[in-house]
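Below is one structure; the comments refer to it alone.
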Amino acid sequence: MSEQVLVPEMMLRFTCNQQGCCCKGWRIPFSDQDLVGLMKLLEPDECTERMAGLRVFVDKTTKVVEQVQLATVGEDFACQFLEGASCGLQRRYGAENLPRICQAFPAHAQPGAEASELHFDAVCPEVLEQLDEDDAPFQLAEVEVEPGSSLEWRARYLFPLPAIHIGERTFEPTELWTLRRRILKVVEEEGGRGGAAIDTLARISYAMARLVNEDQPIDAFEIREGEPVQPFEEHFEVCMRAHHPVPMAKAAYTYRRFVFAIELEGLAWEELVDHLAWRPEWREGFDWREPELQPLMLRFLGHRFFSSFDRLPDDRQLGFNYGTVTHGLATAMRFAMALRDWTGRERVDRDVLKVALGMSEFMYRSWRLPAATMPWFGLTPKAPTLITGKRPDATEEVPS
Ligand code: SF4
């Protein structure tokens, strides 16, 4: 019997740039099966050498191995098998013998309501290029998985999702498909009529706030025309200002290996922090309704709302999961304006926006921010304790 997967339509044409950007800068999290597969491939002496410095992470309760990480090499913390910009394991043994994460990245699958769903990571520059492939509205495609295809490898890299909370209610992710279907329909319609991403995001955020604050049943989730946008825009600007420029600049610096859409060579990195410092006049110098940027912003919104259930793993609160889309876009706006000024451009163009979106995704992925320290649109004052079920712990680590 053939298997179907649900995938953002533009990602059907995704191809890796073969630059090895995801093969360095972090320790790649292999599974224990990946490790066993690797050990079978390698000669005993090489195997011993490669395993030196191996880290194993075990779940404290179940004692099950969560992930293993090989030691990295060099100043850029590269995978041991990276040869220039290409993979030495793939060259020697073929892509079919790579660890599963390497076969699947930048995508993984999640069980969906109707079929498995493929989620592509917008940290990857080629995922961002696909989002910018054309101006067509965001759409999902249901496709048959061909045996031995990259789609099959990605579909096999399946991550189950835990239960999701809305206030004090708990749902299986598959029960929440109604919400996503309605959001994706609005994003698609807005893209079709040349609407503005911020207005769409405002309407979705009002609908989400009603769902959480009023304990609405899922089926009552309604994205309405004519919601007042100004309060949401004020919130959006608060989100833009939310972070100190120094950790933002650090995140941008770490992300530099993923940047191909604009030229950063020769720029002084120490100056980026000044460009990232919040300036009130930014609001006058940048129009987030700029027509040229809307198709990409709307396609990004569709992409993020499709894959939003795996965010904020500690809270698993849908109000926060969906709110991260606003934070991600607002922070991308701030990165975009800083990149515009730093690279000497007159305006934020789509190439700058792509890089800014990737930086923002990467920054939130790298940080662990307690949800109650962040601004959330429209959630009532009781929300932090109601939603998280715990008060923020002052001893929790936040990035310096
Ligand atoms: S980040 Fe994306 S484009 Fe770069 S090597 Fe990885 S999969 Fe390829």
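The values are calculated or read from the model by the stated rules, or taken from the named source; none is laboratory data. Since the structure is predicted, the reported quantities are computational estimates derived from the model, not experimental observations. With ideal geometry, Cβ positions are generated from the backbone for all residues, glycine too; neighbour counts draw on all protein chains shown.
Quick rundown of the values:
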item	result
Filter pass, CYS102 being assigned by TED's automatic domain parsing to the domain that holds SER150 and within 16 Å of the ligand (Cβ to nearest atom)	yes
Lone qualifier among PHE120, PHE138 - being away from the ligand (no atom under 16 Å from the Cβ) and not hydroxyl-bearing (Ser, Thr, Tyr)	PHE138
Criterion: touching a residue at least 40 places away in the same chain (Cβ under 8 Å) and small (Gly, Ala, Ser) - qualifying residue of GLY112, GLY88	GLY112
Helices (runs of 4 or more DSSP H) contained in region 282-378 and holding at least 1 residues hydroxyl-bearing (Ser, Thr, Tyr)	318-342, 350-366
Selection count, region 230-262, where residues are free of Cβ contacts under 8 Å to residues at least 12 places away in the same chain and among the acidic types (Asp, Glu)	1
Residue ID - farthest from GLU126 (Cα to Cα), chosen from residues in region 21-34 that are in contact (Cβ under 8 Å) with a residue 40 or more places away in the chain and surrounded by fewer than 19 Cβ atoms within 10 Å (Cβ to Cβ)	GLN33
Index of the failed condition, MET1 passing every other in (1) out of contact with any helix residue (DSSP H, G or I) (no Cβ under 9 Å at 6 or more places or on another chain); (2) at pLDDT 90 or above	(2)
GLN130 being touching a residue at least 12 places away in the same chain (Cβ under 8 Å), on the phi < 0 side of the Ramachandran plot and away from the ligand (no atom under 16 Å from the Cβ)	no
Residues (more than 15 Å from the ligand (Cβ to nearest atom), part of a loop (DSSP other than H, G, I, E, B) and not charged (D, E, K, R)) located in region 1-41	MET1, SER2, SER31
Every residue from region 139-162 that is touching an Asp or Glu at 6+ places or on another chain (Cβ under 6 Å) and over 27 Å from ASN97 (Cα atoms)	GLN139, ALA141
Output for region 231-263, where each listed residue is away from the ligand (no atom under 16 Å from the Cβ) and more than 25 Å from GLY323 (Cα to Cα)	TYR253, GLU263
